[in-house]
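The next block holds one structure in the form of structure tokens; read it before the comments.
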Amino acid sequence: MERRPYHTAAFDTARWNGFTHRPGDIFVCTPPKCGTTWMQAIVASLLWPDGDPPGPILTISPWIEGKLIPVDTMHAMLTAQTHRRFMKSHTPADGIPWFETAHYIFVARDGRDAFMSLCNHLEHFRDEVRDFLNSQAPEGVEPLPRWDGDVHAFFARWLTDDDILFRHVVTFWDAARQPNVLLVHYNDLKADLEREMRRVAKFLGVQVPTDRWLAVVERCTFETMRANGEKLGELDVIFEGGVKSFVFKGTNGRWRDVLTADELAAYRQRVAETLPPDAASWLEHGWRAMAA
């Protein structure tokens, strides 16, 4: 099936061209600010239970579509890797290639929580990085905006952009019937991190020694990730405040004190228009709450 192209100033799905799949490849697929780095850290901790991956997580697990790394450099690095590879994608399921012998982990989060995290992301995104990406964007591609602090104006734009959240959820919800797709919810990770990590390990076919599990899980708590930012990557190059800004609070519900009643009603209407009821319920609550 032909892939749908997605292209912004920050990413381009054409960067998949030239990618050579290996059986066992792992793709961490998420809308922005839904636990991408968290899941990458989880996968790394499972693959290297002794805590010795061959480099910072965001270096060895690149964003396939992201433009900050030259595409030839990225493909050469992935080709040179001899370990089981894991990569991230911020593209809906209809824009990425599908391989029967790959594993796709889709992580999502209540859209209102993802929105609040995205505001923090944009606020701390370095101007020079944004300017560089905009300078490289081809004619006709909308430039990345500077953060002006107007949460409400940004929410109105965010709500009408299907590609940021809603198309991700719809396409991966449909793809979840396939045996090589796993849906994980941010709320479930917060509620019981070990349980969800065991679920991911089973899906990937990874065997973790019993005496390593405590350390494997502990490495993936927010507190540990924030305290060991160098193991994630050089985030201060892209974000003011480095890991403390990028791995922010990890909390949910901050939107309740920010978004207006009309904005929340508009969000609920948008969800109802774009998602089937079961997907909408999962997006808001996660698996554990739905099963309760």
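The values are calculated or read from the model by the stated rules, or taken from the named source; none is laboratory data. Bear in mind the structure is a predicted one, so any value in this text is a computation, not a measurement. No Cβ is skipped: glycine too gets one built from the backbone with ideal geometry, and neighbour counts run over all protein chains shown.
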Task: Per-region count, the stretch 179-201, residues closer than 12 Å to ILE105 by Cα and without any contact (Cβ under 8 Å) to a residue 12 or more places away in the chain - done: 1
- [ ] Report, ordered by the first and then the second residue, all pairs with beta carbons closer than 6 Å, sequence separation of six or more or different chains, a first member in the stretch 42-69 that is touching a residue at least 12 places away in the same chain (Cβ under 8 Å), and a second member that is of a type in the set (Ser, Thr, Tyr) and surrounded by 15 or more Cβ atoms within 10 Å (Cβ to Cβ).
- [x] ILE64/SER89; GLU65/THR13; GLU65/THR91
Task: Wholly within the stretch 1-109, strands (runs of 3 or more DSSP E) carrying at least 2 residues that are in contact with a Pro (Cβ under 9 Å, 6 or more places away or on another chain) - done: 86-89, 103-108
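This table checks each residue for (1) out of contact with any helix residue (DSSP H, G or I) (no Cβ under 9 Å at 6 or more places or on another chain); (2) over 15 Å from THR8 (Cα atoms).
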position: CYS119; (1), (2): no, yes
position: GLU123; (1), (2): no, yes
position: GLU128; (1), (2): yes, yes
position: GLY140; (1), (2): yes, no
position: GLY149; (1), (2): no, yes
position: ALA153; (1), (2): yes, yes
- [ ] Only residues that are part of a strand (DSSP E or B) and under 20 Å from THR37 (Cβ atoms): list them for the stretch 169-222, please.
- [x] LEU182, LEU183, VAL184, HIS185
Open item on the list: Can you pull out every residue in the stretch 208-242 that is in contact (Cβ under 8 Å) with a residue 60 or more places away in the chain, within 15 Å of ALA41 (Cβ to Cβ) and small (Gly, Ala, Ser)?
Closed with: ALA215, GLY233
- [ ] Considering only residues that are among the β-branched types (Val, Ile, Thr) and more than 26 Å from LYS33 (Cβ to Cβ), look in the stretch 77-93 and name the one that is surrounded by the most Cβ atoms within 10 Å (Cβ to Cβ).
- [x] THR79
Task: Tally of residues being out of contact with any Lys or Arg (no Cβ under 8 Å at 6 or more places or on another chain), more than 21 Å from ASP94 (Cβ to Cβ) and free of Cβ contacts under 8 Å to residues at least 60 places away in the same chain across the stretch 16-41 - done: 1
Open item on the list: Checking the structure you have, find out if any residue of the stretch 54-71 is buried (at least 18 other Cβ atoms within 10 Å of the Cβ), over 26 Å from PHE222 (Cβ atoms), over 18 Å from the mean Cα position of the chain (by Cα) and at pLDDT 95 or above.
Closed with: yes
- [ ] Please determine, by comparing only the residues of the stretch 255-271 that are within 13 Å of ASP162 (Cα to Cα) and not aromatic (Phe, Trp, Tyr), which one is farthest from the chain's Cα centre (by Cα).
- [x] ARG270
Task: Where MET197 falls short, out of the listed (1) within 15 Å of the chain's Cα centre (by Cα); (2) surrounded by 20 or more Cβ atoms within 10 Å (Cβ to Cβ) - done: (1)
Open item on the list: Let me spell it out: the conditions are (1) under 23 Å from LYS190 (Cβ atoms); (2) modelled with pLDDT under 75; (3) not in a loop (DSSP other than H, G, I, E, B), and PHE248 meets all of them except one. Which number is the exception?
Closed with: (3)
Open item on the list: Six or more apart or on different chains, Cβ atoms under 7 Å: show the pairs whose first residue is in the stretch 119-132 and within 17 Å of GLU234 (Cβ to Cβ) and whose second is at pLDDT 90 or above and of a type in the set (Val, Ile, Thr).
Closed with: none
